[in-house]
Amino acid sequence: MPHEPTREEALALLVEFNQSENLIHHALAVEGTMRHFAMLYGGDVEKWGIIGLVHDLDYGLYPEQHCLKVREILESRGWPEETIRAVQSHGWGRCVEVKPESDLEKVLYTIDELTGLIAATALVRPSKSVLDVEVKSVKKKWKTTGFAAGVDRELIENGVILMGKDLDWVIGETIVGMQTVAREIGL
């Protein structure tokens with residue numbers, strides 16, 4: 001019987017499957033950002049946060065099965081189908097064909113990559129902090145293809161279209177979301 005997982009369960013699972021400090025910081029950044037967007041969308045802040053926290057659960061041990069192995073892991077622990085589907089949807093078009101449909105899924109799909117670009121932008125600032133990152137700084141780095149080359153800018157743009165929002169707004173709100181967890185993510 002599926003149960004609604006707690007944040008403590010989600011965090012314990014994340015740490016069980018991921019030893020990389022960078023992956024854990026990324027998960028915490030996505031969690032904080034998802035919580036922020038949940039407030040903007042009138043969503044369930046706890047649910048959105050937990051999904052953000054475990055979105056890359058399988059990446060550390062099973063990078064070649066990313067977004068696939070997570071279903072097996074979460075099902076074996078009795079997590080709800082809605083949560084599993086949402087986690088899988090962030091890999092749409094890359095490793096799974098689970099298209100983001102709900103607001104939660106569309107936001108996760110979009111901000112997953114965007115948090116990486118914002119983190120990279122923060123790290124090249126003198127402060128090395130997300131607390132003073134601005135939209136214009138991120139947009140400037142966006143145009144430099146060699147900067148954070150692993151960040152799929154086209155995916156972010158497609159996500160913004162799915163969300164029906166403006167890129168600057170999504171960047172700005174993602175920065176705010178990351179600022180809420182700046183200490184936890186070391187930025």
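The values are calculated or read from the model by the stated rules, or taken from the named source; none is laboratory data. Nothing here was measured: the structure is a model prediction, and the numbers come from that model. Please note: Cβ atoms are built from the backbone with ideal geometry, for glycine as well, and neighbour counts cover all protein chains shown.
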Residue in the range 147-164 that is at pLDDT 95 or above, over 30 Å from residue 64 (Cβ atoms) and of a type in the set (Gly, Ala, Ser) present | yes
Pairs only if they're at least six apart or on different chains, beta carbon under 8 angstrom, first in the range 163-178 and closer than 15 Å to residue 33 by Cα, second aromatic (Phe, Trp, Tyr) and in a helix (DSSP H, G or I); list them, first residue then second.
-> 173/37; 177/37
Given the conditions (1) surrounded by fewer than 18 Cβ atoms within 10 Å (Cβ to Cβ); (2) in contact (Cβ under 8 Å) with a residue 40 or more places away in the chain; (3) not aromatic (Phe, Trp, Tyr), every one holds for residue 145 apart from (2)
In the range 166-186, the residues that are closer than 13 Å to residue 117 by Cα and either polar (S, T, N, Q) or surrounded by fewer than 23 Cβ atoms within 10 Å (Cβ to Cβ) (or both) = 170, 172, 174
Mind checking whether some residue in the range 94-105 is out of contact with any Cys (no Cβ under 8 Å at 6 or more places or on another chain), closer than 23 Å to residue 185 by Cα, free of Cβ contacts under 8 Å to residues at least 60 places away in the same chain and aliphatic (A, V, I, L, M)?
-> no
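Could you list, in sequence order, the residues of the range 1-20 that are outside any helix (DSSP H, G or I) and of a type in the set (Val, Ile, Thr)? Give the steps one after another, and end with the answer.
Filtering the range 1-20 down to residues outside any helix (DSSP H, G or I) leaves 1-6, 18-20.
Result: 6, single match.
When the residues of the range 89-106 are filtered to those that are of a type outside the set (Phe, Trp, Tyr) and not in a loop (DSSP other than H, G, I, E, B), which remaining residue is farthest from residue 163 (Cα to Cα)?
Initially, the range 89-106 is screened for residues of a type outside the set (Phe, Trp, Tyr), giving 89-91, 93-106.
Imposing the further condition that a residue be not in a loop (DSSP other than H, G, I, E, B) reduces the set to 89, 96, 103-106.
Details: 89: 14, 96: 19, 103: 7, 104: 10, 105: 9, 106: 6 Å.
Here the answer is 96.
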Considering residues of the range 21-75 that are outside any loop (DSSP other than H, G, I, E, B) and of a type in the set (Gly, Ala, Ser) only, the residue surrounded by the most Cβ atoms within 10 Å (Cβ to Cβ) = 52
Being surrounded by 15 or more Cβ atoms within 10 Å (Cβ to Cβ) and closer than 24 Å to residue 83 by Cβ narrows 110, 121 down to just 110
Of the numbered conditions (1) in a helix (DSSP H, G or I); (2) buried (at least 20 other Cβ atoms within 10 Å of the Cβ), residue 82 fails exactly one; give the number of that condition.
-> (2)
When residues of the range 156-178 are limited to those that are charged (D, E, K, R) and assigned to a helix (DSSP H, G or I), the one farthest from the chain's Cα centre (by Cα) | 168
